[in-house]
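Inspection log for the structure reproduced underneath, given as structure tokens.
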Amino acid sequence: MKKQLNVEILSNEEIAENTYLLKIPCPEDVLKFFRPGQFAHIGIPGAGELLLRRPLSINSVDYEKKEAHIAYHAAGKGTTILRDAKAGSTLDVLMPLGNGFAVKPAMRKIWLVGGGIGCAPLKSVFGKYADREYKAFLGFQCKSAVYQESDFKKYADVNISTDDGSYGTHGFITDVLREALETAQPDVILACGPLPFFRALVKVTRDVPVQVSMEQHMGCGTGGCAVCVCSVGGENRRVCVEGPVFDSREVDVLW
């Protein structure tokens, strides 16, 4: 179930270098149907020339406070403008969109693997499935880019790597994951990140089931424009509607 919301920003604060956490009110009926891995489609405030919304990860939801927390990296023009939006400003939001992670009751050992801003939607899994055993593998470019480490540590055994070695393990998080898989195996891996990250991931995960949340350019975000189409199992699938989460074995571009 998706709804178009006009809400006042509660806060919009930097949590790491060029990474921000936006907090907005969220109606109870939206919270009820939220599934980890879904996203929000946000209109950029005060920028009428930017016709398209921006798809941003839902980092977590607070069921008690009735809030949605959205993490994003200020990279392009739209998110740079959003970065400067103040508490009390009105925001046009369409959420929750897409199909999230499919966590079945038998999936007791869950490993979360993320790269950069791709770590953001993985945190939402804890609020929905707090009774599971978690390991998290989070990769960043450098120490100043690391965010929410303490939040992940509340629920998971956390492994962090940085490309430049300024924090955690020096190197790529997929290398850390490969070593961990030599001695243990989860029931499922939930992952989010850019395409090169996923290609490295599927090379090390062997027979472990992996669900990947695809990062894709989008237009409408509701399935009408087909801008975000990718090939899944030999057929075109709209990432905004049929995804963003797919079984890694079915995403053709990864193989």
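The values are calculated or read from the model by the stated rules, or taken from the named source; none is laboratory data. Please read these numbers as outputs of a predicted model, since none were measured by experiment. FYI the Cβ positions are ideal-geometry reconstructions off the backbone, even for glycines, and counts take in every protein chain you see.
Of 191, 156, all but one fail to be aliphatic (A, V, I, L, M), within 28 Å of residue 63 (Cα to Cα) and touching a Lys or Arg at 6+ places or on another chain (Cβ under 8 Å); the exception is 156. The strands (runs of 3 or more DSSP E) found entirely in the stretch 1-73 that carry 2 or more residues being hydrophobic (A, V, I, L, M, F, W, C) and within 20 Å of residue 99 (Cβ to Cβ) are 39-42, 54-62, 67-73. Would you mention how many residues in the stretch 125-145 are closer than 15 Å to residue 15 by Cβ and under 15 Å from the mean Cα position of the chain (by Cα)? Result for the stretch 125-145: 2. If you go through the stretch 69-90 and keep only what is β-branched (Val, Ile, Thr) and over 21 Å from residue 193 (Cβ atoms), you end up with 80, 81, 90.
Taking the stretch 214-240 as the range and being touching a Leu at 6+ places or on another chain (Cβ under 8 Å) and of a type in the set (Val, Ile, Thr) as the test, only 222 passes. On the given criteria, is residue 239 modelled with pLDDT under 95, of a type outside the set (Gly, Ala, Ser) and within 22 Å of residue 53 (Cβ to Cβ)? Criteria met by residue 239.
Given the options 6, 59, 18, 12, name the one that is among the polar types (S, T, N, Q) and modelled with pLDDT under 95. Result: 6 is the single residue among 6, 59, 18, 12 that is among the polar types (S, T, N, Q) and modelled with pLDDT under 95.
The requirement of being farther than 15 Å from residue 61 by Cβ and of a type in the set (Gly, Ala, Ser) is not satisfied by residue 130.
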